[in-house]
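The next block holds one structure in the form of structure tokens; read it before the comments.
Taken together, the values in this text are just the output of simple stated rules run on the coordinates, not laboratory data. Remember, it's a predicted structure, so these values are computed and weren't measured experimentally. So basically every Cβ, Gly included, is an ideal-geometry build from the backbone, and we count neighbours across all protein chains shown.
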Amino acid sequence: MTLRLRAGVSTAETDYGTVLLDERGGHYWELNPTGALVVRTLLDGGAEPEAVDALIAEFDIDRAQAARDVADLVRELRDSGLAA
């Protein structure tokens, strides 16, 4: 499943990763390079398996850990109300 940020959430690339800004609440999340890669892959239309593949290709991580990391990040983004 792809990821969609809800209305009022903007992104900005930084030297360290990506920042998600909740414009309504004024809160922001700073994503490290792995989180940024996952979010970028999902926002570009990829599904969670593609995000897992992207992590494996870019970082020294095994498939099981990459799958857990992707699932955890997606769950946190949805639970926080930043994503649908």
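Identify the single condition in (1) among the charged types (D, E, K, R); (2) under 11 Å from the mean Cα position of the chain (by Cα); (3) surrounded by 17 or more Cβ atoms within 10 Å (Cβ to Cβ) that ASP22 does not satisfy, given that it satisfies every other one.
Every listed condition holds for ASP22 apart from (2).
Of all residues in region 39-64, how many are of a type in the set (A, V, I, L, M) and touching a strand residue (DSSP E or B) at 6+ places or on another chain (Cβ under 8 Å)? Give the steps one after another, and end with the answer.
So the first thing to find is which residues in region 39-64 are of a type in the set (A, V, I, L, M), and the list is 39, 42-43, 47, 51-52, 54-57, 61, 64.
If we keep only those that are touching a strand residue (DSSP E or B) at 6+ places or on another chain (Cβ under 8 Å) as well, we get 39, 43.
Of the residues in region 39-64, 2 are of a type in the set (A, V, I, L, M) and touching a strand residue (DSSP E or B) at 6+ places or on another chain (Cβ under 8 Å).
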